[in-house]
């Protein structure tokens, strides 16, 4: 199977969206789905969806459409979701705890195997069956559990140093909730909630000038 | 002042990033900042930063740079952040509660004025001084408090109907944490954490093929 590691990032985002629709179609017992049905769900054009799916080397059958199950399998393989990813949550404040309980993290190949905190009252306790370790044991626990991705939900002033320790311990990617720009040599996905809110405010202002 | 409501969305995202750097520069007591300093922080090109700032009709002084304070003011005006935005949090589970305590929401013109839930044990209590109202009072509380933006953090199966009630009550924009595509006629900013994680997994796979 040709591993399409050169899929453009916007296409990756859309494929990830299509996956939800396909999973729903499979759950509904449907055996075919057309590109226009997928397109309509997201207000995309039919051509756009077909172009994205062509990146996977996947062609629909004219007049019939795609098999949602096999298309979903193909997308999972392309997005490297056909294997398990071991995750650690670093910082078990409200955001960190919310993520430990986030239902989607349970399925979809993402497994939260460890959590870390500096708060003595939390250390040693479990949340959703995941043990909270002291931050001082970061290195050994990450190595031992084979953690590949980390969710960084620590205060801004320690985010960079904790991120460096994560990478040293072998973490290959970071989902960053701390409002700082991390300088590390692994992929980082930042989630800055105030930025998203700012964009929403801007959109509201430009669509309803009053 | 010409209100630049036609700023392209990618530019808006970058301006929002620059704002953080400018605020830090102001806090550090700096009176000038160059476009290349801003560019370096985000790995953008100098030309990119200058082009973005030109959208605001803001020119730097050659050899001197920009005033971080006045540039920040100009960006806030352009992004409609120079006024207060009243916010409601709908659903006070872990994610909703985390957002009520999110420090950045306190400053920056975003004020959380109300929260809603259906859980009888939470109704009537306060989190960070914000009262939790029963969902049945959504309409009157939103009208009365002049809520414009809502954070939707309810279970997926009720998200669409709650979103419709929010829009009916006058909400003009929604930050959506529920993993569903909302069909409403106001701007929606979706935050699907599992999608972000999927993108991270894909990036890790494509940068470190092993």
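The values are calculated or read from the model by the stated rules, or taken from the named source; none is laboratory data. What you see is a predicted model, and the numbers here were worked out from it, not measured in a lab. Note that each Cβ is placed from the backbone with ideal geometry, even for glycine, and that neighbours are counted across all protein chains shown.
So in the range B:37-47, with the set limited to residues that are within 14 Å of another protein chain (Cβ to nearest Cβ) and outside any helix (DSSP H, G or I), which one is modelled with the highest pLDDT?
We begin by selecting, within the range B:37-47, every residue within 14 Å of another protein chain (Cβ to nearest Cβ); these are B:37-44.
When the remaining residues are screened for being outside any helix (DSSP H, G or I), the result is B:43-44.
Numbers: B:43: 78, B:44: 84.
Residue satisfying both the conditions and the ranking: B:44.
Here residue B:34 meets the list (1) at pLDDT 80 or above; (2) in contact with a strand residue (DSSP E or B) (Cβ under 7 Å, 6 or more places away or on another chain); (3) buried (at least 18 other Cβ atoms within 10 Å of the Cβ) almost entirely, failing just condition (3).
Restricting the search to the range B:116-134, which residues are in contact (Cβ under 8 Å) with a residue 24 or more places away in the chain and within 11 Å of residue B:88 (Cβ to Cβ)? Steps first, answer last, please.
Of all residues in the range B:116-134, those in contact (Cβ under 8 Å) with a residue 24 or more places away in the chain come to B:116-117, B:119, B:122, B:127-128, B:130, B:132.
The answer is B:116, B:130, B:132.
Within the range A:18-36, is even one residue touching a helix residue (DSSP H, G or I) at 6+ places or on another chain (Cβ under 7 Å), more than 21 Å from residue B:202 (Cβ to Cβ) and within 13 Å of another protein chain (Cβ to nearest Cβ)? No: zero hits.
Do we have residue B:23 as closer than 20 Å to residue A:198 by Cα and not assigned by TED's automatic domain parsing to the domain that holds residue B:189 here?
Working: closer than 20 Å to residue A:198 by Cα: yes; not assigned by TED's automatic domain parsing to the domain that holds residue B:189: yes.
Taking the combined requirement at face value, the residue satisfies it.
Which ones in the range B:185-197 are part of a loop (DSSP other than H, G, I, E, B) and either facing chain A (nearest Cβ under 7 Å) or modelled with pLDDT of 85 or more (or both)? Matches in the range B:185-197: B:185, B:186, B:187, B:191.
Criterion first (surrounded by 15 or more Cβ atoms within 10 Å (Cβ to Cβ), within 15 Å of the chain's Cα centre (by Cα) and at pLDDT 90 or above) does residue A:142 satisfy it? No; evaluated as a whole, the condition is false for this residue. Per the listing A:138, A:182, A:200, the residue uniquely part of a helix (DSSP H, G or I), touching a helix residue (DSSP H, G or I) at 6+ places or on another chain (Cβ under 6 Å) and more than 17 Å from residue B:193 (Cα to Cα) is A:138.
The condition of being more than 16 Å from the chain's Cα centre (by Cα), under 30 Å from residue B:127 (Cα atoms), surrounded by fewer than 23 Cβ atoms within 10 Å (Cβ to Cβ) and away from every other protein chain (no Cβ under 12 Å) holds for residue A:160.
Which residues, taken from the range B:3-12, are surrounded by fewer than 16 Cβ atoms within 10 Å (Cβ to Cβ) and either more than 10 Å from every other protein chain (Cβ to nearest Cβ) or at pLDDT 80 or above (or both)?
First pass over the range B:3-12, keeping only residues surrounded by fewer than 16 Cβ atoms within 10 Å (Cβ to Cβ): B:3, B:5-6, B:8-10.
Once the filter is applied, which keeps residues that are surrounded by fewer than 16 Cβ atoms within 10 Å (Cβ to Cβ) and either more than 10 Å from every other protein chain (Cβ to nearest Cβ) or at pLDDT 80 or above (or both), the range B:3-12 yields B:8, B:10.
Considered as a group, the residues in the range B:94-120 that are outside any strand (DSSP E or B) and at pLDDT 85 or above include one that is farthest from the other protein chains (Cβ to nearest Cβ), and that residue is B:120.
Of the residues making up the range A:156-165, one or more are part of a helix (DSSP H, G or I) and touching a helix residue (DSSP H, G or I) at 6+ places or on another chain (Cβ under 8 Å). The selection criterion, being modelled with pLDDT of 95 or more, surrounded by fewer than 21 Cβ atoms within 10 Å (Cβ to Cβ) and touching a helix residue (DSSP H, G or I) at 6+ places or on another chain (Cβ under 9 Å), holds for residue A:168. Residue-level check: of (1) in contact (Cβ under 8 Å) with a residue 60 or more places away in the chain; (2) on the phi > 0 side of the Ramachandran plot; (3) in contact with a helix residue (DSSP H, G or I) (Cβ under 9 Å, 6 or more places away or on another chain), residue B:146 misses just (3). Here's a check for you: in the range A:49-93, which residue that is surrounded by fewer than 15 Cβ atoms within 10 Å (Cβ to Cβ) and assigned to a loop (DSSP other than H, G, I, E, B) is modelled with the lowest pLDDT? The residue in question is A:59.
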